[in-house]
Amino acid sequence: MTASDPKRAIGSMTALPPRSSSRDVLEALTRMIEVEGLTVGDKLPTEIDIARQLGVGRAKVREALTAWQNMGVVTRNKKAGTRLATEVMSNAIHLPVTVKLEAESLLRTHAVRRPLELETVRLATRNVTPQASRVILGRVSELMAIFEAGQDWRAADYRFHEALQETCGNPLFGQLIQQIQHAFNEVYEAPFGMTQLGEGSIPLHMPLAEAVVAGNETEAVRIMAAILDLVEDEIRKSMKRMMETRND
């Protein structure tokens, strides 16, 4: 057996826990490469074999390998298969791959959410009632009190946005937003280790609520867009900091 024997290499990997992420797949592959002593030019096991051995979906393996391909870690083609294009060591490759996967996933999720969130706010300003206004103002007041007390504000933020979704008059918007967020959370509970992602946007929630209650569609949409911009900026800055830390 040589170090480039993919059949032997696959045996050094063990099944991953349920709901494992692409990051977990990359960690398993990195361990396999180190254990088997694989080097540049060596062939990795096939997507099907990796998925079967790790007990994950083939799409998850493909996502992980695509990340490596985009970074120049591996080359892939139908005839030659997947081969290492650079040396892989856990202390040299794990962090940048993790950061790239988390950033790309979070930014894609954010891009899908943006039009849904903006339209939710737009419709909420058109359909707001006195009763809905009381709920919205009550929940934003709760959110701000928790935030200003330095406590975990995420649940209160969820309840506030839920009130906007209920006010918009189309339950599909809320359902889609929640499903998108749930799908992301299954993979990344705290992207970049940030448990308070979006914290910088919280002060804008009070003027957002006030604009919705006043029926000021233009202002409400403008503020919601600013909130989304701040969150995206946090994601990009966090990615940059993590990469700079890795390069130091």
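Structure above, values below:
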read-out	value
Full-stretch length increase - K78, L176 - with 0.36 nm per residue and alpha-carbon distance subtracted	31.6 nm
Rounded FRET efficiency, nearest 0.05, which uses the C-beta distance separating N127 from T46 and R0 of 45 Å	0.30
R114 versus S12: modelled label distance in nm, points set 7 Å from Cα along the beta carbon direction	4.3 nm
Karplus-derived HN-Hα couplings along the stretch 218-227 (A = 6.51, B = -1.76, C = 1.60, θ = phi - 60°), whole Hz, x at Gly and Pro	4, 5, 5, 5, 4, 5, 4, 5, 5, 4
Rounded FRET efficiency, nearest 0.05, which uses the C-beta distance separating S141 from E219 and R0 of 30 Å	0.95
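Laboratory data are not the source of any read-out in this text; all were calculated from the coordinates shown. All values derive from a computational prediction rather than experimental measurement. Don't worry about glycine lacking a Cβ; one is built from the backbone with ideal geometry, like all the others, and counts go over all protein chains shown.
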